[in-house]
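Peer 1: What follows is a structure written as structure tokens; I'll ask about it next.
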Amino acid sequence: MNFLKNKQTRSDFITYGLVIVAFLVVFFMQANHMIPRMFAGQLVPITAYIVMAISLNLVVGVAGDLSLGHAGFMSIGAYTGIVTAVSMQAAGAPQTLALVVSIVVGAVFAAIAGFIIGIPVLRLRGDYLAIVTLAFGEIIKEVVTCLIVGVDAHGLHVVFNLRGNATVNDLHLMDNGIAIIKGAQGASGVSTYSTFVAGFVLIMIALVVVLNLVRSRTGRAIEAVRDNRIAAESVGISVTKYRMIAFVVSAALAGAAGALFGGNFSQLSATKFDFNTSILILVFVVLGGLGNMRGSVIAAAVLTILPEALREFSDYRMLVYAIVLILVMICTNSPQIQGFIARFKPKKKGEAEANV
Amino acid sequence: MTVFIQYLVNGLSMGSVYAIIALGYTMVYGIAKMLNFAHGDVIMVGAYVSFCATSYLGLPGWLSVVLSVVVCTVLGVLVEGLAYRPLRAAGPLAVLITAIGVSYFLQNAAQLLWGATPKNFTSLVRFPVPPFLAQFNVSAVSLVTILACILIMVVLMWFTSKSKMGKAMRACSEDKAAAQLMGINVNRTISMTFAIGSALAAIAGVLLCSYSPVLQPTTGAMPGIKAFTAAVFGGIGSIPGAFVGGVLLGIIEAMAQAYISTSLANSIVFAVLIVVLLVKPAGLLGKYVPEKV
């Protein structure tokens, strides 16, 4: 176990171990029907949110670009994934193959979208970048709302509902055709294909990809650009290239998460992936710790379960959630409270001297 | 032609509402350098207070506006003092998430207090419109909104450039530490900015709901985001910029709805924003500050 001597490698393996142990525990509970009914439906969404949090953390935490439109990539992944899966199921492909291919297709399409959007977005920085990603997220949502897609023996039929008066009939499907996406209604009547095991595998893939990227030469270049753009540029790091790498990888993971998420619902409208979803994921990332993938995993899991667990407060649960969110942010970031807590901690010798 | 002018007036009045909200956004951003995502929800609170004052207490319209301005001002100062002030030294993301927390809090508190079912807001502005305007279907609300917006902008411009408090605000937005050394109470100045921003939000809330009468806990969210877009569009931190951005955004939105597509109107607005930011990275009237190494 020589390679575990490296502190970073050890930390990464703790993260992998944590996810595997959590998966085994939940899987065992699921097999023995020990999971309360209200959580059973949440298993796949939780895994999708964890992948989203890891993916967003790559952009916000590692590359330092605040993205407020990440749900847009999730949406692209979800809809391309659903179209792929339904088409394959209609052609008689097995469930698992349809799931894997739909996740790959979702990731590829989201990555392409990430690249196209990245070209204008990455020319900007800071709050301007944030507002433009927000704008793209909203644009994707509205464009998807205008899409009507169906499949029959002749292949895919797509109608773009610009004036708001097109219906499924405009697809001119054959009798055995299936309408997959029905404009503002979204995708409905789709048989669900996602599984919890697939979610776990996707989390592991996302973790391996992101952690290895961060520890690589490329990852160090990305972090250098985040910490000091001008210094990084002056030593020959191509700023746009490395920010783009982070952005596209992140978009691809978000697309994969979207395809997984989309496959869990028989009814899914585009408004599911709005600004609030982007914010929800950003909350996971910030509370879990910027650049800390293990934190993102834990925060995503806990904060998806928390509102469900708070159901006994019924009407008050979102209020409690909001107050908890504000208090956690104040307690972890306010210098006064940090100083107050530090008083009760036994000081190490070196630290005490450093503080003087 | 008549139809075109009608769309233009619709765009102008909606744009004026965006401009009033954007003025609050831009002032808070200019001084506290934070994206106050809870601003949109203060609008909603303002509208609810005015609604309750007229429907349940039977107060006259103007008094309900005064009441909602007072409530929102107090709310703005309270939120700033309790949630944002402890985070003055923290990073921008921590403040952003806290603002989101405040936004969730206000929306859910409103839902508990007033219920999730939409309320039907009766317009507070009712008077006969002069006939030369009435032929273009200009409503009284549109007229009042546009006038209020211009008035507010002129007063704010005067306030920030001439009054002592306004000068203190500009000093704080340039350099907080230097402002403090000059004897300016930075905390009080920031509180004051939040008070003004929230008061504007209350007025915007009443005007918004007089214009489109559906009032529910999420009423403020989308106008809030659009007004923020407008502030960035015009150059965030600049008062005339917020005005120009808001009005242009309203007109673009109305024209897109009328001539291109209703369901893609927001997308077109955002697409214009993206193009503007690529050509002028600091917004239309924003100051471009070159980076010094």
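Peer 1: Which order do the peptides B:60-67, A:90-97, A:191-198 take when ranked by the mean count of other beta-carbon atoms within 10 Å per residue, highest first?
Peer 2: Answer by packing, highest mean first, reads A:191-198, B:60-67, A:90-97.
Peer 1: Where the centroid of each part is defined by its Cα atoms, how far is segment A:169-195 from segment A:211-282 in Å?
Peer 2: 30 Å
Peer 1: With the contact rule set at Cα under 8 Å and sequence spacing of 6 or more, what percent relative contact order holds for segment A:73-232?
Peer 2: Contact order relative to length: 19 percent.
Peer 1: Shifting gears a bit: How well do other chains shield peptide A:328-336, expressed as the mean number of their Cβ atoms within 10 Å of each residue Cβ?
Peer 2: 6
Peer 1: If you take the charge dipole of the protein assembly as shown about its Cα centre, with +1 on Lys and Arg Cβ and -1 on Asp and Glu Cβ, which of A:GLY106, B:GLN216, A:ASN57 is farthest toward its positive end?
Peer 2: A:ASN57
Peer 1: So which residue, out of A:ASP12, A:ASP170, A:ASP274, gets the largest mean-square fluctuation from a GNM of chain A using Cα contacts under 10 Å as springs?
Peer 2: Highest fluctuation among the options: A:ASP170.
Peer 1: Okay, next question. In whole Hz, with x marking every Gly and Pro, tabulate ³J(HN,Hα) for segment A:12-24 from phi via Karplus 6.51 cos²θ - 1.76 cosθ + 1.60, θ = phi - 60°.
Peer 2: Once rounded to whole Hz, the list reads 5, 6, 4, 4, 4, x, 4, 5, 5, 4, 4, 4, 4.
Peer 1: Could you tell me whether segment B:68-181 comes out rounded, prolate or oblate from its Cα gyration tensor? Rule is a ≥ b ≥ c as square roots of the eigenvalues, rounded for a/c under 1.5, then prolate if a/b exceeds b/c, otherwise oblate.
Peer 2: It is oblate, given that a/c is not under 1.5 and a/b is not larger than b/c.
Peer 1: In peptide A:253-263, how many Cβ atoms from other protein chains are near each Cβ within 10 Å, on average?
Peer 2: Rounded to a whole number, the mean comes out at 0.
Peer 1: Turning to a different aspect of this structure: Neighbour counts of other C-beta atoms within 10 Å: give me A:VAL209, B:VAL42, A:VAL26, B:VAL289 arranged from fewest to most.
Peer 2: Least to most surrounded, the residues fall as B:VAL289, A:VAL209, A:VAL26, B:VAL42.
Peer 1: Using θ = phi - 60° and the Karplus relation 6.51 cos²θ - 1.76 cosθ + 1.60, list the HN-Hα couplings for segment B:167-182 in order, rounded to whole Hz, with x at every Gly or Pro.
Peer 2: 5, 4, 4, 5, 4, 5, 6, 6, 7, 5, 5, 5, 4, 5, 5, 7
Peer 1: What value, in deg cm²/dmol to 500, does the helix sum -39500 (n - 2.57) over DSSP H runs of n ≥ 4 give at 222 nm once divided by the residues of chain B?
Peer 2: After summing the helix terms and dividing by residue count, I get -24000 deg cm²/dmol.
Peer 1: Right, next: In a Debye calculation with equal point scatterers on the alpha-carbon sites of segment A:2-304 and no solvent, what is log10 I(q)/I(0) at q = 0.08, 0.09, 0.12 Å⁻¹?
Peer 2: Debye curve over Cα of segment A:2-304, log10 I(q)/I(0) at q = 0.08, 0.09, 0.12 Å⁻¹: -0.36, -0.45, -0.78.
Peer 1: Right, here's the next one. Given A:ILE148, A:PHE160, A:GLY255, which one lies farthest toward the positive end of the charge dipole of chain A, if we put +1 on the Cβ of every Lys and Arg and -1 on the Cβ of every Asp and Glu?
Peer 2: Going by the Cα projections, it comes out as A:GLY255.
Peer 1: Taking the Cα atoms of segment B:88-149 alone, what are Rg (to one decimal) and Dmax (as a whole number) in Å?
Peer 2: Over segment B:88-149's Cα set, Rg and Dmax evaluate to 19.9, 56 Å.
Peer 1: Under a Cβ-Cβ cut-off of 14 Å, what is the net charge of the residues other than B:TRP158 that fall near it, where Lys and Arg count +1 and Asp and Glu count -1?
Peer 2: So the surrounding residues net to +4.
Peer 1: Additional query: Across peptide B:242-255, what mean number of C-beta atoms from other chains lies inside 10 Å of a residue's C-beta?
Peer 2: 0
Peer 1: Then there is this: Test of understanding: in a Gaussian network model of chain B with alpha carbons linked when under 10 Å, which of B:SER50, B:SER163, B:SER139 would top the mean-square fluctuation ranking?
Peer 2: Looking only at B:SER50, B:SER163, B:SER139, the largest GNM fluctuation is found for B:SER163.
Peer 1: Report the Cα centroid-to-centroid distance between segment A:103-163 and segment A:315-333 in angstrom, as an integer.
Peer 2: 33 Å
Peer 1: Would you list A:ILE180, B:ILE190 from fewest to most Cβ contacts within 10 Å?
Peer 2: Arranged by neighbour count, lowest to highest, A:ILE180, B:ILE190 become B:ILE190, A:ILE180.
Peer 1: Viscosity 1.002 mPa s, temperature 20 °C: what is the translational diffusion coefficient of the protein assembly as shown from Stokes-Einstein with a Kirkwood Rh over Cα pairs, rounded to a whole number of µm²/s?
Peer 2: In µm²/s, the coefficient rounds to 81.
Peer 1: Using per-residue counts of other Cβ atoms within 10 Å, averaged over each peptide, order A:68-79, B:244-255 from highest down.
Peer 2: For the peptides A:68-79, B:244-255, the packing ranking is A:68-79, B:244-255.
Peer 1: Using helices alone, I'd like the mean residue ellipticity at 222 nm for chain A: each DSSP H run of four-plus residues gives -39500 (n - 2.57), total over residue count, nearest 500.
Peer 2: -22000 deg cm²/dmol
Peer 1: Moving on. Quick one: what are the phi-derived ³J(HN,Hα) couplings along segment A:64-76, Karplus 6.51/-1.76/1.60 with θ = phi - 60°, whole Hz, x for glycine and proline?
Peer 2: Karplus-based 3J(HN,Hα) across segment A:64-76 equals x, 9, 6, 9, 10, x, 5, 4, x, 5, 4, 5, 4 Hz.
Peer 1: Residue farthest toward the positive end of the dipole of the protein assembly as shown, with Cβ of Lys/Arg at +1 and Asp/Glu at -1: which of A:TYR242, B:LEU67, B:ALA47?
Peer 2: A:TYR242
Peer 1: For segment B:77-137 and segment B:1-40, write down the distance between their C-alpha centroids in whole Å.
Peer 2: Cα centroid to Cα centroid, the span is 13 Å.
Peer 1: Okay, next question. Mind checking the dipole of chain A: about its Cα centre, +1 per Lys or Arg Cβ, -1 per Asp or Glu Cβ, Debye to the nearest 20?
Peer 2: Dipole about the Cα centre, nearest 20: 1320 debye.
Peer 1: With an 8 Å cut-off on Cα pairs and a minimum separation of 6 or more residues, tell me the relative contact order of segment A:2-304 in percent.
Peer 2: Taking the mean separation of contacting Cα pairs over the length of segment A:2-304, I get 35 percent.
Peer 1: Which order do B:PHE132, A:PHE265, B:PHE270 fall in if you start with the one that has the fewest other Cβ atoms within 10 Å?
Peer 2: Listed from fewest to most nearby Cβ atoms, that is B:PHE132, A:PHE265, B:PHE270.
A short reminder: the numbers here are calculations on the coordinates, not readings from a lab. The model shown is predicted, which means the values in this text are computed figures rather than measured ones. Counting neighbours? That spans all protein chains shown, and the Cβs are built from the backbone with ideal geometry, glycine included.
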